[in-house]
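Okay, structure first, notes after.
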Amino acid sequence: MNTSTKDRTGIMLAPLPYPEDALEPQISAETLRYHHGKHHQTYVNNLNMLIAETPYAHYSLDEIVMRSEGSIFNNAAQVWNHTFYFESLSPKQEAPSGEFLDVVLRDFGSMENLKSEMLRTAVSLFGSGWVWLACDKHHKLVVMPLQNAGNPLTHGMTPLLAIDVWEHAYYIDYRNRRADSVSALWDKINWRIVGERFRQAE
Ligand code: MN
């Protein structure tokens, strides 16, 4: 045997943390079936094909995102971003902890202002991409629009929340209405996890 386990299995698709219909009516089972089962899976497949027999085959996904560019970066970051995005949502709305809420109030004034800022950013992002809530080295919260497969890690920021504004994330349920899709998604954000990510930020 000259093939290691890692070479045989490569990067794996993370399972959805809830059933496909768990985010209805805000996100339909059909959307999640395509988004996770087809789009996310395809990024995993493409990445494994691209890194096979390259030094990247021995890197963790985080390392590939930090060290690659071009097609390998695009597919690796899309794998990372989607896992993070699906884990940012929850069938039952999870309220932010008091500690995290205080930070939102400090940096945005209110949760409602943070929502407005993320909506405005989602609408003004041209083409495909992601709207991130991230924090900088001083733990200041920032809303960041990043095109295509962009990820705050490569900008020296810690990702806290990702909103996918690629058309495939909303077109089945909302057609062209990106703002409506983000507004509806707001009710499914797992603020407990977002706050936990903030607490663990270095
Ligand atoms: Mn997507």
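The values are calculated or read from the model by the stated rules, or taken from the named source; none is laboratory data. Worth saying up front: this structure is predicted, and the values here are computed from it rather than measured. Reconstructed Cβ throughout: ideal geometry from the backbone, glycine too, with neighbour counts over all protein chains shown. Protein only, heavy atoms only, side chains kept; ligands, DNA and RNA dropped before computing areas. Shrake-Rupley method; radii C 1.70, N 1.55, O 1.52, S 1.80 Å.
Rolling a 1.4 Å probe across the protein heavy atoms gives the chain an accessible surface of 51 Å² per residue. Over 21 Å apart at the Cα level, from the set 140/188; 115/188; 38/92, are 140/188; 38/92.
Could you work out what % of the accessible surface of the chain is carbon and sulfur, using a 1.4 angstrom probe and leaving DNA, RNA and ligands out of the count?
Whole-percent figure for carbon plus sulfur exposure: 51.
Listed by chain and number, the aspartates and glutamates whose C-alpha is less than 19 Å from the C-alpha of residue 137, apart from same-chain residues fewer than 8 away, are 62, 99, 102, 107, 196, 202. Modelled this way, with points 7 Å down the Cα-to-C-beta line, the labels at residue 116 and residue 58 are 5.3 nm from one another.
Relative to the Cα centre, the charge distribution of the chain, modelled as +1 at Lys and Arg Cβ and -1 at Asp and Glu Cβ, gives a dipole magnitude of about 140 debye.
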